[in-house]
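To keep things clear, I will list the structure first and then write my remarks on it.
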Amino acid sequence: LLLNTTIYAGGALAFQLVFDVAAAYALSKLRPAFGNAILFLMLATLMIPATVLALPTFLTVFNLPILHINLTNSPWAIWLPSVAKGFNIFLLKRFFDSIPEELLAAAAIDGAGPLRALWSIVLPISRPILGVVSIFAVVTVWKDFLWPLLVLNNPAKQTVNIGLYELQQGAPQDVFTAALFISSIPMIVFFLIFQRNIMGGLTAGGLKG
């Protein structure tokens, strides 16, 4: 169960870093048409409780539109819904807005396109906020209970939280407490690695120089 949860959390992290960074970079620096309206709609989703979205999201995963395939009992059922995080996109866009346009203009003069500027300039500067987004992505998947319970019916593919819930039903209290402690170790280690990025990323609003 720990291995399953690690795979789900790692995949969610990878997808969020790729797609959320791309969305935030496009909204911040490429300035597409109706970009502000798109950002507003993304932030509006934060006002919708997660439990309200559970049923339509489950129906989408159960019968994926266009392809008409069932993604339940697969990592995609965890990975794909985790990508749509308006808050992470907002955090990334806010940080990207603080990067001086002069840096990107200088890169453009040297022949760097938008992708090269993102890879060589924006991402190295954005390590603090990327650490924050990484923490949010991993912790969200690791602590989630309701969604994995809905889409992962196969016991061999379930997460550690579902296993703890089932263990609680019949295991002695000391065994259950030991299981809780073991399941928390990966998150504690992960937090200790990225703890310096939390405040630095959330409070970053500008660059010196």
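The values are calculated or read from the model by the stated rules, or taken from the named source; none is laboratory data. Only a predicted model underlies this, so the values are computations on that prediction, with no experimental measurement involved. Glycine also receives a Cβ, built like all others from the backbone with ideal geometry; neighbour counts cover every protein chain displayed. Each accessible area value is taken on the protein alone, full model and side chains, heavy atoms only, with ligands, DNA and RNA left out. Shrake-Rupley method; radii C 1.70, N 1.55, O 1.52, S 1.80 Å.
Cβ-Cβ contacts under 9 Å between residues 6 or more apart (or on different chains), taken from a first residue in the stretch 169-188 that is farther than 29 Å from VAL132 by Cα to a second residue that is surrounded by 12 or more Cβ atoms within 10 Å (Cβ to Cβ), are listed as ALA171/ALA179; VAL175/LEU167; PHE176/LEU164; PHE176/LEU167; PHE176/GLN168. Tell me yes or no: at least one residue of the stretch 90-103 is among the charged types (D, E, K, R), more than 22 Å from PHE145 (Cβ to Cβ), modelled with pLDDT of 85 or more and open to solvent by less than 70 Å² (accessible area, probe 1.4 Å). The answer is yes, given that some residue of the stretch 90-103 is among the charged types (D, E, K, R), more than 22 Å from PHE145 (Cβ to Cβ), modelled with pLDDT of 85 or more and open to solvent by less than 70 Å² (accessible area, probe 1.4 Å).
Please work out which residue is least open to solvent (accessible area, probe 1.4 Å), limiting yourself to the stretch 66-82 and to residues that are of a type outside the set (S, T, N, Q) and in a loop (DSSP other than H, G, I, E, B).
Applying the first criterion (of a type outside the set (S, T, N, Q)) to the stretch 66-82 yields 66-69, 71, 75-81.
Going one step further and asking which of them are in a loop (DSSP other than H, G, I, E, B), we end up with 66-69, 71, 75.
On the way: ILE66: 151, LEU67: 113, HIS68: 127, ILE69: 75, LEU71: 17, PRO75: 43 Å².
Among those residues, the one meeting the criterion is LEU71.
Among the residues of the stretch 54-65, those that are outside any loop (DSSP other than H, G, I, E, B), free of Cβ contacts under 8 Å to residues at least 24 places away in the same chain and either open to solvent by less than 70 Å² (accessible area, probe 1.4 Å) or under 16 Å from SER126 (Cβ atoms) (or both) comprise PRO56, THR60.
Quick grid of which residues meet (1) within 30 Å of MET187 (Cβ to Cβ); (2) open to solvent by 30 Å² or more (accessible area, probe 1.4 Å); (3) in contact (Cβ under 8 Å) with a residue 24 or more places away in the chain:
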| site | (1), (2), (3) |
| --- | --- |
| PRO49 | yes, yes, no |
| VAL52 | yes, yes, no |
| ALA84 | yes, yes, yes |
| ALA107 | no, no, no |
